[in-house]
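Chemist: One structure is given below, represented as structure tokens, and several questions about it will come after.
We did not get these values from a lab; they are worked out from the coordinates using the rules stated. In this text, all values refer to a predicted model and were calculated from it rather than measured experimentally. Using ideal geometry, Cβ is built from the backbone for each residue, glycine included, and neighbour counts are taken over all protein chains shown.
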Amino acid sequence: MRLADGVLLVVDALEGVVAVAERAARQAVAEGLAVTLLISKVDRLILELKLPPADAYYKLKHTIEEINKVLYEAA
């Protein structure tokens, strides 16, 4: 019996997709679970790195593309 129907994959906006997130994503795909991506600490892009909104957008876009690539390769 499965205990979960899906996975909430939390990725730090500054660190991006790290090895642990990749492993979790691959495992979720292997188990046939739905994956929901949550990018946390988005405020740090602007407050700490002082990124302009356009650069913050591209950083977030890159993070999403990274995790999509991992999920695609795992499928």
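Chemist: Using Cα atoms only, what is the angle between the long axis of helix 53-74 and the major principal axis of the chain, expressed in degrees (0 to 90) to the nearest 10?
Modeler: 20 degrees
Chemist: Same structure again: Given H placed 1.01 Å from N in the peptide plane, which residues other than close sequence neighbours of Ile39 have an amide H under 5 Å from its amide H?
Modeler: Answer set, sorted by chain and number: Val11.
Chemist: Be a star and scan region 24-61 for residues whose amide nitrogen sits under 19 Å from the point 7 Å along the Cα-to-Cβ vector of Leu14.
Modeler: 38-61
Chemist: Could you list which residues have their amide H under 5 Å from that of Val7, counting only those 5 or more apart in sequence or on another chain, with H placed in the peptide plane?
Modeler: Long-range HN contacts for Val7: Ala34, Val35, Thr36.
Chemist: Right, here's the next one. Charges at C-beta only: +1 for Lys and Arg, -1 for Asp and Glu. How large is the resulting dipole of the chain about its Cα centre, in Debye rounded to 20?
Modeler: So the dipole magnitude of the chain works out to roughly 20 debye.
Chemist: Subtract the Cα-Cα distance of Leu51 and Leu3 from 0.36 nm times their separation in residues, and report this length gain in nm to one decimal.
Modeler: That works out to 13.2 nm of additional length.
Chemist: In the chain, which GluC sites (Glu not before Pro) are in a loop and have at most 10 other Cβ atoms within 10 Å, using DSSP for the loop call?
Modeler: Filter output for the chain: Glu48.
Chemist: If you stretched the chain out fully between Ser40 and Arg23, how much longer would it get, using 0.36 nm times the residue separation minus the C-alpha to C-alpha distance?
Modeler: Net length gain for the segment: 4.3 nm.
Chemist: Another question, then. Can you tell me which lysines have their Cα less than 26 Å from the Cα of Lys69? Leave out same-chain residues fewer than eight positions away.
Modeler: Counting by Cα, and skipping residues close in sequence, Lys69 has these lysines nearby: Lys41, Lys59, Lys61.
Chemist: Continuing with the same structure: Here are some values of Cα extents along the principal axes in Å: (i) 34, 23, 21; (ii) 39, 34, 27; (iii) 47, 23, 17. Which one was computed from this structure?
Modeler: Evaluating Cα extents along the principal axes in Å on these atoms matches (iii).
Chemist: Among the trypsin sites (Lys or Arg not before Pro) within region 22-75, which fall in a DSSP loop and have no more than 13 other Cβ atoms within 10 Å of their own Cβ?
Modeler: Within region 22-75, the qualifying trypsin sites (Lys or Arg not before Pro) (loop, at most 13 other Cβ atoms within 10 Å) are Lys50.
Chemist: Which angle from 0 to 90°, rounded to the nearest 10, does the C-alpha axis of helix 19-31 make with the longest principal axis of the chain?
Modeler: 30 degrees
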